[in-house]
Amino acid sequence: MPLVAGIDSSTQACKVVIRDAETGRRVRSGRAPHPPGTEVDPEHWWIALKAATKAAGGFDDVDAVSVGGQQHGMVCLDTDGQVVRPALLWNDTRSARASADLIAELGGPGEWAKAVGSVPLAAFTITKLRWLAEHEPDNARRTEAVCLPHDWLTWRLAGTPGLDELVTDRGDASGTGYWSPATGEYRTDLVAKAFGRSLRVPRVLGPLERVAANSARFVLGAGSGDNAAAALGLGAAPGDLIVSIGTSGVVCSRSASPTADPAGAVAGFASATGDFLPLVCTLNAARVLDASAELLRVSHRELSELALSVGDGADGVVMIPYFEGERTPNRPTARGSLHGLTLATTTPAHVARAAVEGLLCGLADGIDALIAERDGRVGDAGSDQVLLIGGGAQSAAVCRIAPTIFGRPVVVPEPGEYVADGAARQAAWALAESAAPPSWELESPKRYEGAGGAESAGSTVRDRYAQFRDQLAGFA
């Protein structure tokens with residue numbers, strides 16, 4: 001029975017899942033935390049990976065391994081392959097000014113969408129390169145190569161063979177802001193525009209390619225970014241709408257054709273399966289529930305019960321949950337706000353309901369943007385339901401309120417580590433070298449539908465949310 005391992009090196013932790021390569025049966029798993037913050041020494045990821053691997057029983061009997069990692073970010077390496085400075089993560093917004101400058105310098109958002117399929121917001125690696133060049137010139141001078149978290153961990157698993165052996169995949173490369181999913185090529189001119197000179201970048205592998213340099217016994221697959229890996233772990237079909245509520249909020253859908261949204265709301269990413277993954281991302285997702293539970297001094301279960309004790313619209317109370325600024329819409333300096341309070345509605349239940357609805361309204365805006373962009377392309381079929389995953393999907397309030405806010409049924413698979421599962425499935429694919437990834441069946445999901453009149457109620461909630469959301473435009 002061949003075994004494969006999938007690694008999810010996320011913002012908050014490293015998870016390792018080991019599965020039967022043929023059936024997908026889960027054999028064992030392990031987990032280790034990452035330090036908090038928006039900049040982290042990559043060595044912490046390696047330490048966590050080793051700890052999670054040990055907790056999962058090691059790789060001695062494993063035949064293939066792949067890494068799924070948090071997207072974007074910036075890992076800078078010198079000529080000897082040493083890390084130059086702590087990595088800037090996707091949720092570090094210090095490069096917001098650099099983002100605005102780069103967009104303007106190329107001629108506006110439409111020019112970026114044509115060039116690389118996405119408009120480079122502060123999350124994107126290219127904006128962080130500009131920030132580094134402007135604010136840390138000594139570190140910029142030392143930097144010889146730039147890669148992503150998933151790339152760096154794959155390189156470490158390969159034995160750090162040299163900068164020429166750095167590799168990435170289409171899914172993760174598409175989040176840099178200097179690789180085009182449409183052409184499959186790097187835009188090295190954009191790297192030079194952002195950084196002031198050229199840099200070494202990882203070679204981009206296809207879904208089935210193996211990493212050549214690997215001193216270990218196992219096959220090392222290309223891996224991918226976390227969102228592309230999660231879609232693979234879910235077995236998402238083209239047109240499926242996927243909403244993930246984790247550290248970030250993500251709305252994505254597999255597509256047969258590349259995306260170039262000049263408005264910048266939809267990022268034109270690539271998938272882990274050779275096609276494309278148009279995606280909308282928000283900075284504020286499951287942590288909205290965390291912060292609200294802490295504010296009200298209740299558990300997550302109690303927060304859910306409070307939210308469900310109040311009707312749709314929380315009697316007019318609205319939360320705009322931009323606690324960390326926001327990426328979609330692009331308002332990096334905005335802050336969270338609570339509106340519509342009266343003496344009667346200043347209660348834990350109303351705040352809890354407003355928090356859940358505010359979180360879901362932000363994601364519903366993402367669904368709208370994705371569908372509008374998809375309708376402009378030819379040949380992509382849509383889906384009437386949403387696949388809901390991530391830590392936030394374990395909230396009963398989220399699952400029960402989501403169909404009303406989204407205006408469509410919500411299907412919730414069994415809780416799982418879908419990024420790690422997708423990486424494991426990719427490893428099994430690389431091991432078998434088959435035409436398609438192995439078919440692994442998911443356990444029966446739960447389906448949630450809105451009650452009678454839910455569509456009207458959801459529209460009213462979203463209208464009030466949009467009213468206060470748009471008042472924050474001055475914070476952009």
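On the stretch given as the stretch 11-29, residues that are touching a helix residue (DSSP H, G or I) at 6+ places or on another chain (Cβ under 6 Å) and over 19 Å from ASP226 (Cβ atoms) total 1.
For the stretch 393-434, the candidate set comprises residues that are among the basic types (Lys, Arg) and out of contact with any Asp or Glu (no Cβ under 8 Å at 6 or more places or on another chain); within that set, the residue that is farthest from ARG301 (Cα to Cα) is ARG425. The condition of being assigned to a helix (DSSP H, G or I), under 30 Å from PRO445 (Cα atoms), open to solvent by 40 Å² or more (accessible area, probe 1.4 Å) and not acidic (Asp, Glu) does not hold for ARG353.
Would you pick out the residues in the stretch 55-65 that are in contact with a strand residue (DSSP E or B) (Cβ under 7 Å, 6 or more places away or on another chain) and open to solvent by 10 Å² or more (accessible area, probe 1.4 Å)? Scanning the stretch 55-65 gives ALA55, GLY57, PHE59, ASP61, ASP63. Filtering the stretch 7-26 to residues that are under 14 Å from TRP440 (Cα atoms) and either free of Cβ contacts under 8 Å to residues at least 24 places away in the same chain or not in a loop (DSSP other than H, G, I, E, B) (or both) leaves ILE18, ARG19, ASP20, ARG25, ARG26.
If you check ILE47 against the conditions, is it within 30 Å of LEU431 (Cα to Cα) and in a helix (DSSP H, G or I)?
So ILE47 passes the test.
Residue check: is ARG408 at pLDDT 90 or above and farther than 30 Å from GLY171 by Cα? No. When residues in the stretch 166-211 are screened for being more than 22 Å from ALA104 (Cα to Cα) and either among the aromatic types (Phe, Trp, Tyr) or modelled with pLDDT under 95 (or both), 6 of them pass.
Residue-level check: of (1) modelled with pLDDT under 90; (2) open to solvent by less than 40 Å² (accessible area, probe 1.4 Å), TRP429 misses just (1).
From the list GLY162, GLY196, GLY221, the one residue that fits, being more than 24 Å from THR143 (Cα to Cα), touching a residue at least 24 places away in the same chain (Cβ under 8 Å), more than 19 Å from the chain's Cα centre (by Cα) and open to solvent by less than 70 Å² (accessible area, probe 1.4 Å), is GLY221.
Which pairs turn up if I take residues in the stretch 433-456 that are closer than 19 Å to GLY233 by Cα and at pLDDT 85 or above and look for partners that are hydrophobic (A, V, I, L, M, F, W, C) and part of a helix (DSSP H, G or I) with beta carbon separation below 6 Å, at least 6 apart in sequence or on another chain? Close Cβ pairs satisfying both conditions: PRO437/TRP429; PRO438/ALA428. Give just the number: which of (1) more than 24 Å from SER271 (Cβ to Cβ); (2) under 20 Å from the mean Cα position of the chain (by Cα) does ALA123 not satisfy? Condition (1) is where ALA123 drops out.
Does TYR418 fit the bill of being under 23 Å from the mean Cα position of the chain (by Cα), of a type in the set (Ser, Thr, Tyr) and surrounded by 15 or more Cβ atoms within 10 Å (Cβ to Cβ)? The answer is yes for TYR418.
Residue-wise test of (1) in a loop (DSSP other than H, G, I, E, B); (2) over 18 Å from the mean Cα position of the chain (by Cα); (3) free of Cβ contacts under 8 Å to residues at least 40 places away in the same chain.
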residue: GLY358; (1), (2), (3): no, yes, no
residue: GLY362; (1), (2), (3): no, no, no
residue: ALA369; (1), (2), (3): no, no, no
residue: ALA393; (1), (2), (3): no, no, no
residue: ALA397; (1), (2), (3): no, yes, no
residue: VAL411; (1), (2), (3): no, yes, yes
residue: GLU414; (1), (2), (3): yes, yes, yes
residue: ALA427; (1), (2), (3): no, yes, no
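Conditions tested, residue by residue: (1) among the acidic types (Asp, Glu); (2) surrounded by 15 or more Cβ atoms within 10 Å (Cβ to Cβ); (3) more than 22 Å from the chain's Cα centre (by Cα).
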| residue | (1), (2), (3) |
| --- | --- |
| MET1 | no, no, yes |
| ASP8 | yes, yes, no |
| CYS14 | no, yes, no |
| ASP20 | yes, yes, yes |
| GLY24 | no, yes, yes |
| ARG31 | no, yes, no |
| VAL40 | no, yes, no |
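The sole residue among ARG331, ARG374 that is modelled with pLDDT under 90 and either among the aliphatic types (A, V, I, L, M) or farther than 17 Å from PHE468 by Cβ (or both) is ARG374.
As a summary of the residue check, SER180 satisfies the conditions (1) under 22 Å from ASN227 (Cβ atoms); (2) crowded, with 24+ Cβ neighbours inside 10 Å except for the one numbered (2). Among residues that are open to solvent by 50 Å² or more (accessible area, probe 1.4 Å) and in contact with a helix residue (DSSP H, G or I) (Cβ under 8 Å, 6 or more places away or on another chain), ARG85 is not included.
The values are calculated or read from the model by the stated rules, or taken from the named source; none is laboratory data. Here the structure is a predicted model, which is why all the values come from computation and not from measurement. Ideal geometry is used to build each Cβ from the backbone, glycine not excepted, and the neighbour counts take in all protein chains shown. Remember, those area values only see protein heavy atoms, side chains included, never the ligands or the DNA or RNA. Shrake-Rupley method; radii C 1.70, N 1.55, O 1.52, S 1.80 Å.
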